[in-house]
Amino acid sequence: MNDSDLIARFRPSDPDFIADPYSVLSEIREAKPIFRNPTTGQWTLTRFSDVYETLRDKRLGRSYSHLYSHAEVGRSEPDSRWAAFHQHERWSLLCLEPPDHTRIRRLVAKVFTPRAVAALRPAIESLSTEIFDRCEEGDDFDLIADYAQPYSVAVICSMLGVPRSDTRALLDWSHAIVKMYELSTTDDVSARADRAAAEYVEYTRALIAEKRKNPDGLLVSELVRVEDEGDVLTEDEIVSTTMVLLEAGHEATVNTLGNGVRALMHHRDQWQRLVSGEVETRVAVEELLRFDAPLQLFERWVLEDGVEICGQPMRVGDEVAMLFGSAERDPRRFGRPDDFDIGRGDTAHIGFGGGIHFCVGAPLARQEIDVSLRGLVDRFPNLELVREPEYHPNFVIRGLKELRVSG
Ligand code: HEM
């Protein structure tokens, strides 16, 4: 097969490709470490070591607007119809580069500490128990809608100090907004995302005002306090930070659980290793993240002259797409990469990224997934699929529509 035929098989909008991308990704990865996506123009990286290094390369960034205008890098202005969406992420860590990124990340790290996460464990366990209690009432349940979604949003809300009664609205806003991160979107989808962002910003501003009046020692309140003490975090920065924690902290956790439990149901021997106690749930979490990545593609912009990746010279403003799912199955990095081996215990995968944007929530995500797997194994040792699940037709954020199980 010639190169362009092979690359044409990379079809991130095609539900058949999304249902099982790994055989195509493997063929492309073995033939080409880098290729230009003819639809998006992105230089696309397929191998672990190149993705690993690119994540750490300071000559590339998640944004370019701190250095160049849109025209300077040959791009059009952001669509003014979606102003609320752009406003909501203006000060998000995921849209910033140093020095703003360094300043805000340092402040977030001061309040979002591993200690704060560890202290949350009993609360996370009781949320998990409460939601599994409800799941147990019927003959079967949807692990996504009945468990993972309400659970992960309740966890992050309890950490932020968001009232439990508001979690449904937050879920709906978050679902609508994250559609903007796919490689292509329709006007309809964008309009819904923009409306959701506007409502969400308004909600977050009111929440911040409430925390100023009645501080509760939880995360939003702490972000406000950090601002008040050193006048460092502005209101807009707190809004974006609160929202990115909610959005980033939710979808990927749900999809790791969904994709991971599907894999466990397809590999009964691995499920039995959990049930028998041979492998600890804490260890299995790492393989769930690697084997069927919940986040398949991340982007960077080239910010300096002289960048070369895999021998390919880049120009300032070029966009690079890193294929996480492909990199995590690279045989140069992982032995028997297509085997699902929950005892692998390899924590140095790239599931949480690397470099300055490394996932702030990694300790929380690991804990949330660990607690859930523990609950599943203890309460439903005979868990099985009620029917074969289907993936949402999205590639970048890869997850199941539902995962109906009984046990
Ligand atoms: C299994 C679940 C999760 C996965 C797989 C995941 C993955 C990632 C990855 C790959 C990045 C880096 C993006 C890049 O380099 O372009 C990232 C960044 C981030 N994540 Fe997570 N994440 C998860 C859960 C969470 C949770 C629970 C939170 C917070 C409550 C969170 C908050 C963030 C934030 C704020 C960033 C941006 C950090 C920065 O730009 O400095 N994530 N995450």
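The values are calculated or read from the model by the stated rules, or taken from the named source; none is laboratory data. Treat the numbers as computed from the prediction; the structure is a model and nothing was measured. Every residue, glycine as well, gets a Cβ built from its backbone with ideal geometry; the counts of neighbours run over all protein chains shown.
Quick rundown of the values:
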quantity: Segment 143-171 residues that are more than 18 Å from Ala196 (Cβ to Cβ) and aromatic (Phe, Trp, Tyr), paired with ones that are away from the ligand (no atom under 15 Å from the Cβ) and part of a helix (DSSP H, G or I) (beta carbon under 6 Å, 6 or more apart); calculated: Tyr147/Ile131; Tyr147/Cys135; Tyr151/Ile131
quantity: Residue count for segment 19-39, restricted to those that are farther than 15 Å from Ser4 by Cα and touching a residue at least 12 places away in the same chain (Cβ under 8 Å); calculated: 4
quantity: Segment 271-282, subset of a type in the set (Val, Ile, Thr) and assigned to a helix (DSSP H, G or I), residue surrounded by the fewest Cβ atoms within 10 Å (Cβ to Cβ); calculated: Val275
quantity: Every pair of residues 6+ apart whose Cβ atoms lie under 8 Å, when the first sits in segment 218-242 and is over 24 Å from Ala198 (Cα atoms) and surrounded by fewer than 16 Cβ atoms within 10 Å (Cβ to Cβ) while the second is among the β-branched types (Val, Ile, Thr) and at pLDDT below 85; calculated: Val232/Val226
quantity: Residue among Leu127, Leu120 that alone is touching a helix residue (DSSP H, G or I) at 6+ places or on another chain (Cβ under 8 Å), more than 25 Å from Met314 (Cα to Cα) and either acidic (Asp, Glu) or within 13 Å of the ligand (Cβ to nearest atom) (or both); calculated: Leu120
quantity: Within segment 79-109, tally of residues that are within 23 Å of the chain's Cα centre (by Cα) and either in a loop (DSSP other than H, G, I, E, B) or free of Cβ contacts under 8 Å to residues at least 12 places away in the same chain (or both); calculated: 9
quantity: Residues (part of a strand (DSSP E or B) and touching a Gly at 6+ places or on another chain (Cβ under 6 Å)) located in segment 374-407; calculated: Leu400
quantity: Subset of segment 329-340 (residues that are closer than 17 Å to Thr54 by Cα and either in contact with a Pro (Cβ under 7 Å, 6 or more places away or on another chain) or surrounded by 23 or more Cβ atoms within 10 Å (Cβ to Cβ) (or both)); calculated: Asp330
quantity: Verdict on Ala83 being exposed (fewer than 15 other Cβ atoms within 10 Å of the Cβ) and closer than 27 Å to Arg56 by Cα; calculated: no
quantity: Hey, Asp172 crowded, with 20+ Cβ neighbours inside 10 Å, out of contact with any His (no Cβ under 6 Å at 6 or more places or on another chain) and assigned to a helix (DSSP H, G or I) or not; calculated: no
quantity: Only one of Val162, Val155 that is part of a helix (DSSP H, G or I) and under 25 Å from Ala209 (Cβ atoms); calculated: Val155
quantity: Unmet criterion (only one of (1) over 24 Å from Val244 (Cα atoms); (2) without any contact (Cβ under 8 Å) to a residue 24 or more places away in the chain) for Asp139; calculated: (2)
quantity: So Ala263, is it assigned to a helix (DSSP H, G or I), touching a residue at least 40 places away in the same chain (Cβ under 8 Å) and among the small types (Gly, Ala, Ser); calculated: yes
quantity: Of all residues in segment 351-379 being acidic (Asp, Glu) and surrounded by 16 or more Cβ atoms within 10 Å (Cβ to Cβ), the one that is farthest from the ligand (Cβ to nearest atom); calculated: Asp370
quantity: Phe298 at negative phi, more than 16 Å from the ligand (Cβ to nearest atom) and either surrounded by fewer than 19 Cβ atoms within 10 Å (Cβ to Cβ) or not basic (Lys, Arg) (or both); calculated: no
quantity: Count of segment 318-345 residues which are among the hydrophobic types (A, V, I, L, M, F, W, C) and away from the ligand (no atom under 16 Å from the Cβ); calculated: 2
quantity: Residue within segment 308-317 that is surrounded by 19 or more Cβ atoms within 10 Å (Cβ to Cβ) and more than 10 Å from the ligand (Cβ to nearest atom) present; calculated: yes
quantity: Long-range neighbours under 7 Å by Cβ, at least six apart or interchain, first residue in a strand (DSSP E or B) within segment 283-300, second acidic (Asp, Glu); calculated: Glu299/Glu319
quantity: Segment 141-168 - residue that is touching a Phe, Trp or Tyr at 6+ places or on another chain (Cβ under 9 Å) and farther than 24 Å from Gly217 by Cβ and, of those, nearest to the ligand (Cβ to nearest atom); calculated: Tyr147
quantity: Filtered residue count, segment 113-141, keeping only those that are in a loop (DSSP other than H, G, I, E, B), surrounded by 15 or more Cβ atoms within 10 Å (Cβ to Cβ) and more than 23 Å from the chain's Cα centre (by Cα); calculated: 1
quantity: Which numbered condition Ala348 fails, given (1) more than 14 Å from the chain's Cα centre (by Cα); (2) within 7 Å of the ligand (Cβ to nearest atom); calculated: (2)
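Here's the yes/no breakdown for (1) among the acidic types (Asp, Glu); (2) more than 30 Å from Asn382 (Cβ to Cβ):
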site: Lys213; (1), (2): no, yes
site: Arg225; (1), (2): no, yes
site: Asn255; (1), (2): no, no
site: Gly260; (1), (2): no, no
site: Glu278; (1), (2): yes, no
site: Ala284; (1), (2): no, no
site: Glu287; (1), (2): yes, no
site: Phe291; (1), (2): no, no
